[in-house]
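Contents: one structure, followed by commentary.
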Amino acid sequence: METLIGWVQKLTVILLAGMLVVVVLLSTVHLGVLIAEEIRKPPRWLIPVQGLLEIFGYFLLVLIGVELLETLKAYVRKDVIHVRVVLEVALIAMARKVIIEEPNTVSSLTLLGIAALILALAVAFYFERQAKREPATEQLKVAD
């Protein structure tokens, strides 16, 4: 029974990865079209700030898709989800939120919540990186 569940799980992840590849490719094409449209609008070759914010937000959205694909690839190869990649995806998502959000239209409590989430993710990312370094320093101490 466990092998059947494991097989179904792997198949599901592979199907998800395939669909995500399609979405990332189509999103990249859409981003290119969005950039071309912004460049063609008068004044040509000058993209207004609002257009830049929209492009950067969409760019980060495509980057989130690429990072999710990396997470799925690692899961298929090693049957493990890397915490660092998940934290990177979350940080990119929060950066996207900050870029596309209009501060004047959002309540201060929401902005405070976004700031708290970014701080929590940054602290988690820092501790995850420190945890990877500690075993290496322990080995050096033993070798001396």
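The mean sequence separation of alpha-carbon pairs under 8 Å and at least six residues apart, normalised by the residue count of the chain, gives a relative contact order of 22 percent. Using the Cβ-Cβ distance between Ile99 and Phe127 with R0 set to 30 Å, the FRET efficiency works out to roughly 0.70. The residue among Ala95, Leu11, Met1 whose Cα reaches farthest toward the positive pole of the charge dipole of the chain, with charges on the beta-carbon of Lys, Arg, Asp and Glu, is Leu11. Pairs of Cα atoms in segment 1-67 fall into 5 Å distance bins, from 0 up to the last occupied one, in shares of 4, 16, 18, 15, 11, 10, 8, 6, 5, 3, 3, 1, 0 percent. Annotation: per residue accessible area for segment 29-144 equals 71 Å², rounded to a whole number [probe 1.4 Å, protein chains only]. Taking every full run of DSSP H in the chain, the ones that stretch at least 30 Å from end to end by Cα along their long axis and average -0.5 or higher on the Kyte-Doolittle scale are 2-40, 49-78, 108-143.
Using a probe of 1.4 angstrom, how much of the accessible area of the chain is carbon and sulfur, in percent?
Values: 7470 of 10500 Å².
Result for the chain: 71 percent of the exposed heavy-atom area is carbon or sulfur.
Scaled to the globular estimate 2.2 N^0.38 Å, the Cα spread of segment 45-144, given as radius of gyration, is 1.43.
The values are calculated or read from the model by the stated rules, or taken from the named source; none is laboratory data. Everything numeric here is computed off the predicted structure, so don't read it as measured data. Note that we place each Cβ from the backbone using ideal geometry, even for glycine, and neighbour counts take in every protein chain shown. Just so you know, the surface numbers come from the protein's heavy atoms only, side chains and all, with ligands and any DNA or RNA stripped out. Shrake-Rupley method; radii C 1.70, N 1.55, O 1.52, S 1.80 Å.
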